[in-house]
Every structure is written in structure tokens, then in C-alpha cells.
Amino acid sequence: QKEVEQNSGPLSVPEGAIASLNCTYSDRVSQSFFWYRQYSGKSPELIMSIYSNGDKEDGRFTAQLNKASQYVSLLIRDSQPSDSATYLCAVRGNTDKLIFGTGTRLQVFP
Amino acid sequence: NAGVTQTPKFRILKIGQSMTLQCAQDMNHNYMYWYRQDPGMGLKLIYYSVGAGITDKGEVPNGYNVSRSTTEDFPLRLELAAPSQTSVYFCASRRDSQETQYFGPGTRLLVL
């Protein structure tokens, strides 16, 4: 069974701090990696995708991928209360299907 | 563009009843997906389709059926509702050439 694992949290950080969210996956042939944000009662929305080892930055968000360690992370700089949500890690292997983690709940307090 | 739309938003079913969850997209996407999300959990893939007339099972297909007669529509059928099917159901779609999946607003289903 291919798995994607995340710490369920909640991860609590003060406003302005860096939030670090982590994800590990079991399928070594995984090719594509995604971070979705889901506000309570809403549908997921894609915030970052990463396909090769290293860092990818987009505004306050940085995705990091290490295929050797089967590890992907999301850093949120200058965290804002509006970043409070559940962050879902998703991984695609060599099929058309995404495998989602259970999500990490982030709380940013003023 | 309306994007991905789902109906109904909320439904209560009795055990053994049947219903169809509707999903439509107006972006001409070939790929469409049905997920369920149980409280505090991630999304589990039920069925997906890579184009009209083509469907395939995901991780948790038991108790569900799908059809894809047009590019726009991808309905999900529950034949004999069970309490274990209480969940939030999300439909998603994407282009062939992109990996970004666009999600509908979800249908909350309660089976009593």
C-alpha cells in the first residue's frame, strides 16, 4: 500500500514566524509532489507543486524535495492568521492518481 | 467559467437508499476524479476518468459506480447507502497537460 504520511498537528506558530510542514512517502517511483491548502468546510486548493530535488519558492511559500530520503516539506515564511488551515501533501507515482496524506492543521496566532 | 460544480451541497439518506452525486466542469478537462474525505482525514480516491467513456477504480470503489458519457459530466452513484458512506465527496478535474487538479465545493452526505 503506497502511503503518504503527515503529522496531524495542530502546529501552532506565532504571526510572523516560519511554519514548517513535513511529509514522507513510501513509493520510490513517485514523480510529482503537491501541497494543497484546505480551509475548514472548503475544498482543497493547490498552492505548490514540485517535481525535482531541491527548493522551489513562490512568494512566502517554499517547497523542498529530497527523493533520496522520500521527504517533501513546505515552509511558510511570515505566517499570517489567514494561513491557518489544513495542509494536505499529495504524491503521484507512475499513474494518473494522487495519494493524499491526512493533512497537518496549522494554527497561526496573533 | 463556473469551474467544477457539484450538486447537491448536502443530503441525508436512509440506509439502503440510492442517490447520484452530480459533478460537472466547463473547462473541457479530460481527467475527472471522485474523492471522499472522512473527518480529520485526507482524500481517498473512489473512481477516476481519463476521458469520455473511460473510467477506472481508485482506492475505495466498493459501494459506488460511475459513468462518463460526456466530457463535462462525471456522476457518482451510490446504490445501497450504508452509514460507512457518510463523508464529504469532492469531484476534481484537470487538463491532460497539467497536473493541477481543480476541486468542486463538495457534497456532504449523511447516511442514517
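Just so you know, all these numbers are worked out from the coordinates, no wet-lab data involved. Just so we're clear, the structure is a prediction, and the values are computed from it rather than from any experiment. As a convention, Cβ positions derive from the backbone with ideal geometry for all residues, glycine included, and neighbour counts pool all protein chains shown.
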Could you tell me whether residue B:100 is free of Cβ contacts under 8 Å to residues at least 24 places away in the same chain and either within 11 Å of chain A (Cβ to nearest Cβ) or more than 16 Å from residue A:98 (Cα to Cα) (or both)? yes
Looking only at the stretch B:24-33, and only at residues there that are assigned to a strand (DSSP E or B) and more than 12 Å from chain A (Cβ to nearest Cβ), the one that is surrounded by the most Cβ atoms within 10 Å (Cβ to Cβ): B:25
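Taking residue A:43 as the residue in question, decide whether it is crowded, with 17+ Cβ neighbours inside 10 Å, within 11 Å of chain B (Cβ to nearest Cβ), hydroxyl-bearing (Ser, Thr, Tyr) and more than 11 Å from the chain's Cα centre (by Cα).
Numbers: crowded, with 17+ Cβ neighbours inside 10 Å: yes; within 11 Å of chain B (Cβ to nearest Cβ): yes; hydroxyl-bearing (Ser, Thr, Tyr): yes; more than 11 Å from the chain's Cα centre (by Cα): yes.
Answer is yes for this residue.
Report yes if residue A:93 is surrounded by 14 or more Cβ atoms within 10 Å (Cβ to Cβ), of a type outside the set (S, T, N, Q), touching a residue at least 60 places away in the same chain (Cβ under 8 Å) and closer than 26 Å to residue B:4 by Cβ, otherwise no.
Answer is yes for this residue.
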Assess whether residue B:47 counts as being within 12 Å of another protein chain (Cβ to nearest Cβ), farther than 23 Å from residue A:86 by Cβ, among the aromatic types (Phe, Trp, Tyr) and out of contact with any helix residue (DSSP H, G or I) (no Cβ under 8 Å at 6 or more places or on another chain). yes
Which of the residues belonging to the stretch A:8-25 are within 14 Å of chain B (Cβ to nearest Cβ) and among the small types (Gly, Ala, Ser)? A:8, A:9
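So that you can scan it fast, the table gives a plain yes or no per residue for (1) among the polar types (S, T, N, Q); (2) buried (at least 19 other Cβ atoms within 10 Å of the Cβ); (3) within 13 Å of the chain's Cα centre (by Cα):
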site: B:36; (1), (2), (3): no, yes, yes
site: B:45; (1), (2), (3): no, yes, yes
site: B:49; (1), (2), (3): yes, yes, yes
site: B:54; (1), (2), (3): no, no, no
site: B:64; (1), (2), (3): no, yes, yes
site: B:74; (1), (2), (3): no, yes, yes
site: B:77; (1), (2), (3): no, no, yes
site: B:84; (1), (2), (3): yes, no, no
site: B:92; (1), (2), (3): no, yes, yes
